[in-house]
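The next block holds one structure in the form of structure tokens; read it before the comments.
Every number here is computed from the coordinates shown, using simple stated rules; none is lab data. These figures come from a predicted structure and were not determined experimentally.
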Amino acid sequence: MGMQIGNVAEDDDVVSAINTTPLVDVMLVLLIIFLITIPVVTKTVPVELPREHNQPRQSKPENITLAVTRDGQVYWNEARLEGEATLLAELKRVATQDPQPEIQVRGDGNAPYEHFGRVVEASQRAGIAKLGFITEPPPRQ
């Protein structure tokens, strides 16, 4: 049934109803297709997935902790470093040790990423192999 607009005949009213039969047919076909394909999708290869296992890492005495403050100051095991050149020189000195210690970066949550980027760049230039970031664990529910 089509939609008629205008005065076809003087005594006929305008029919403004939309035929919804094709829409219902399409929806029923889609429902049948989904009901058939869902069991096929849910069949998977049985594997045992790893469990969540988050252990806090213990800081070893030979690890070096770099703290980055909100204003960009860098602290080497609680001693303030003056400038990026000093940071790079200290990192190069540590990079030659065998085994190389891990550098752990602690940072203020409100510090711009630019300050962290400078520390990461200096670590890469010095040849540091292990660089980690220390974060606070989320609260347990």
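The table for this structure:
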{"quantity": "Length-normalised contact order of the stretch 64-134 in % [C-alpha pairs under 8 Å, at least 6 apart]", "calculated": "39"}
{"quantity": "Prolate/oblate/rounded label for the stretch 64-134 (Cα gyration tensor, a/c 1.5)", "calculated": "prolate"}
{"quantity": "Whole-Hz couplings from phi, Karplus 6.51/-1.76/1.60, listed for the stretch 64-69; x for Gly and Pro", "calculated": "10, 9, 9, 9, 10, 8"}
